[in-house]
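The values are calculated or read from the model by the stated rules, or taken from the named source; none is laboratory data. Just so it is clear, the model here is predicted, and its values are computed rather than measured. Every residue, glycine among them, receives a Cβ derived from its backbone with ideal geometry; neighbour counts consider all protein chains shown. Areas reflect the complete protein model, heavy atoms only, side chains present, ligands, DNA and RNA absent. Shrake-Rupley method; radii C 1.70, N 1.55, O 1.52, S 1.80 Å.
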Amino acid sequence: MDVRVVTLLLWAGCGSTPGPAASVPSVPSVEVPAHPVVDPPTPTVPAGRPSFPIFSAPFAGEAVASNAFDHAPHAQPGRGVLDMTGTWTLGTPGHRGWDWRLPVGTPLRAMADGVVVFAGVVRPFHCAVLGRTVDDQRTLVLQHREQDQVYNVIFDHLEQVDVTVGRPVRRGDVVARSGNSGCSTGPHLHLEVGREIGDRRVSVDPYGWLGRGPDPWADAPQGTASIWLWRDAPIPWREVERAPEEAEHDGPVFVRAVRYAGWDDARYPSNERVILEADPRVTDGTVDLGGWALVGGDEHPATLPEGTEVSVETPLEVYMGEQAAGPGSVALGRAAPMLPDPGGTVRLLDPSGGLVHLFRYGLAAQQGRRVPEAARACPGPAAGCVPLPIAGGVGPLAFSAEGRWLAVRVGTGIALLPSQGEERALIHDDLGVVDLENPGGLAWRGPEQLLLDLATSDGGRRVWSVLPGLQPAVAFPPRPDVQLGVADAVADAAVLRLLTPAGSTLGRWRPGQAEVEQVSRHQLPLASVALAPDGTRLAYLRGGAAWVIDLGTLEEAAWQRGLPGDAQLGWLGGDLVAQEHDRVVRLAPNGPPRPLQDGLGKGALGRSPGGRWVAVQREDGGLVVIGADGRRLEGPVVQGEVTALAVAHGAGAVELAWALPLERGAPPALFRARLATAPVSPAAPAGGAR
């Protein structure tokens with residue numbers, strides 16, 4: 001099997017607050033006539049667009065597309081994805097596939113004749129959106145050869161795989177069942193198409209590029225042109241749905257769901273649909289909607305006809321165009337679409353013009369949801385914290401020396417955020433092949449060189465160097481039998497994780513070395529790793545014990561046993577510290593641990609360059625920074641458990657950054673704070689040794 005095809009890019013696809021009362025705009029309303037049933041359009045290749053129609057739909061019937069292919073060569077957090085029409089819409093930045101919302105167990109079909117090249121569970125990896133390691137992600141990869149073209153199709157997050165490696169498949173064969181396995185926040189199919197170009201597998205959009213001007217993904221060094229690949233394509237509808245308790249509204253009826261971004265909405269406005277529902281908490285009967293109105297992005301209200309009703313038992317489907325599906329539905333007869341594809345609002349107005357429900361969808365829903373939640377999680381500078389403009393898959397954090405830059409793994413690449421001054425944030429994802437299931441490590445080697453590990457086209461991993469200008473260059477000599485990962489670094493050395501055929505261990509690289517030097521004699525389950533600030537000692541967690549390697553003699557010794565498996569290690573000055581259970585302790589070669597502080601057992605352990613500070617979270621959510629000189633700085637109180645922490649000593653202040661999920665299953669948001677370095681209280685031992 002060609003292992004290149006299993007370099008998977010796996011991102012699951014991913015209410016609202018009423019605004020002030022609105023009045024009916026001063027434009028004529030549209031009275032609704034009766035309309036016959038009109039079938040939705042079948043997507044076909046637009047005239048003049050390149051095509052190579054080889055694929056049939058992977059499932060029967062209709063499904064909602066919850067995430068689109070991103071044609072932007074650089075992931076742009078906060079903007080969503082640039083879809084095939086050239087429109088910015090809701091989605092995960094850097095997403096190189098399509099997500100379809102399907103019930104668990106939906107039969108999935110081969111899209112063309114081909115052969116099975118992978119079938120089973122992928123290797124365990126850290127899932128950023130769930131905040132944990134997953135080991136149950138079922139995946140199927142089919143390879144299709146047509147003329148001189150080779151395409152690999154990935155079906156991901158499966159409940160069941162029905163074929164085995166090497167088996168030929170025919171178009172339409174049931175090959176798997178959709179599911180919710182692995183790095184997924186809800187039942188769906190992640191479908192990804194990769195085209196083989198030489199020794200590369202490049203993700204392409206099977207819908208091609210339908211926007212004005214050239215395809216940005218085609219011009220990217222890591223991309224290529226996307227052309228229409230469908231014989232019969234699923235309609236890429238988007239839909240947002242909310243339960244009554246999620247839809248804040250003022251009245252007996254609310255907007256339950258909005259379907260938008262269909263196929264050729266300008267010609268087929270009935271691609272757009274709004275579902276109205278009676279709230280059983282307010283009414284138990286039928287509500288007459290005659291004279292009520294819906295207002296969308298063009299501000300032209302459409303009035304529902306007399307006799308239109310909705311009840312708790314029977315929701316009302318409202319189509320924007322001429323399609324009406326029968327009882328329980330009505331068509332507004334519009335000649336143009338009402339719901340902008342990027343996102344917007346739908347207002348439900350009562351006959352007096354009063355606002356009953358403001359429903360946000362698409363990017364507007366994302367922004368409307370995240371901003372209030374971010375404000376609650378971090379009210380602003382007066383509260384000691386500021387939200388940062390990064391969202392969508394925030395991974396490890398690392399400050400450079402003096403806290404000038406904060407590095408964040410996000411989307412398909414890396415973001416460098418300045419801590420202050422006039423410099424702007426830099427976002428870059430042209431870093432070769434990026435393995436999204438395993439974002440890898442981050443470490444600064446001195447103030448100007450960031451190290452990170454990335455996937456390679458042969459399925460392995462290598463360590464790269466990235467300068468603040470975001471120009472990548474291979475930093476370490478490749479070893480054909482070893483996969484490399486970043487563990488930690490100081491100015492004149494880097495510690496790497498080495499994955500060899502025999503197992504995992506640790507290595508060291510210093511400037512001028514031709515090879516990575518193995519420094520541990522053990523094959524290790526790779527847990528917390530910390531390099532001393534002077535580069536002379538290396539600590540790691542193995543088997544519930546903190547081990548320390550003298551990098552001069554390469555002798556290893558267990559400093560402390562009986563630590564929990566999720567303990568985190570760091571260096572504070574010349575002392576090794578560990579966060580374990582509900583306290584932070586100093587460790588020594590002989591003797592019991594000495595507590596720095598009790599009641600600091602939540603979340604992550606943040607470490608600073610040079611070992612001057614560590615950051616932790618109290619049980620009440622408050623962030624605390626402890627200095628090597630005994631100072632203790634109190635940070636903001638955070639509502640929730642942080643998933644990543646970083647700290648650095650800046651000019652007259654300590655820079656603190658943390659990642660915090662704002663809602664279950666959502667990517668975490670990023671925040672920062674600057675803490676004055678005047679002492680608040682000494683970090684005195686509490687509770688005695690134990």
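Does GLU192 satisfy the condition of being part of a strand (DSSP E or B) and open to solvent by 20 Å² or more (accessible area, probe 1.4 Å)? No, not satisfied.
Within the range 46-61, the set of residues being open to solvent by 20 Å² or more (accessible area, probe 1.4 Å) and of a type in the set (Phe, Trp, Tyr) comprises just one member, PHE52. Looking at the range 663-685, which of the residues that are surrounded by fewer than 20 Cβ atoms within 10 Å (Cβ to Cβ) and hydrophobic (A, V, I, L, M, F, W, C) is modelled with the highest pLDDT? Per the stated criteria, the residue is ALA676. When the range 542-571 is limited to residues that are out of contact with any Gly (no Cβ under 7 Å at 6 or more places or on another chain) and aromatic (Phe, Trp, Tyr), the one that is farthest from GLY507 (Cα to Cα) turns out to be TRP559. Can you find a residue in the range 180-187 that is open to solvent by 10 Å² or more (accessible area, probe 1.4 Å) and part of a strand (DSSP E or B)? Checked against the condition, which is being open to solvent by 10 Å² or more (accessible area, probe 1.4 Å) and part of a strand (DSSP E or B), the range 180-187 yields no hits at all. When GLY603 is tested against (1) at pLDDT below 75; (2) within 29 Å of the chain's Cα centre (by Cα); (3) surrounded by fewer than 20 Cβ atoms within 10 Å (Cβ to Cβ), exactly one condition is not met: (3).
Select from the range 515-550 the residues that are modelled with pLDDT of 85 or more, open to solvent by 10 Å² or more (accessible area, probe 1.4 Å) and in a loop (DSSP other than H, G, I, E, B) and write down the one among them that is farthest from ALA401 (Cα to Cα). The qualifying residue farthest from ALA401 (Cα to Cα) is THR536.
To keep it simple, each residue is scored yes or no on (1) closer than 14 Å to GLN568 by Cα; (2) aromatic (Phe, Trp, Tyr); (3) open to solvent by 10 Å² or more (accessible area, probe 1.4 Å).
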| position | (1), (2), (3) |
| --- | --- |
| GLU580 | yes, no, yes |
| ARG594 | no, no, yes |
| ALA615 | yes, no, no |
| LEU633 | no, no, no |
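Screening the candidates PRO234, PRO221 for the property of being in a loop (DSSP other than H, G, I, E, B), open to solvent by 50 Å² or more (accessible area, probe 1.4 Å) and at negative phi yields one hit, PRO221. Identify, please: which residue in the range 398-413 is aliphatic (A, V, I, L, M) and modelled with pLDDT of 70 or more and is, among those, surrounded by the fewest Cβ atoms within 10 Å (Cβ to Cβ)? Among residues in the range 398-413 that are aliphatic (A, V, I, L, M) and modelled with pLDDT of 70 or more, the one surrounded by the fewest Cβ atoms within 10 Å (Cβ to Cβ) is ALA401. Only strands (runs of 3 or more DSSP E) whose full extent lies in the range 62-177 are considered here, and the ones with at least 3 residues that are open to solvent by 10 Å² or more (accessible area, probe 1.4 Å) and farther than 26 Å from ILE227 by Cα are 114-121, 149-161. Scanning the range 240-261 for residues that are open to solvent by 10 Å² or more (accessible area, probe 1.4 Å), modelled with pLDDT of 85 or more and touching a Ser or Thr at 6+ places or on another chain (Cβ under 9 Å) yields a count of 1. Remark: GLY395 matches the filter, which requires a residue to be open to solvent by less than 30 Å² (accessible area, probe 1.4 Å), at pLDDT 60 or above, of a type outside the set (A, V, I, L, M, F, W, C) and assigned to a loop (DSSP other than H, G, I, E, B).
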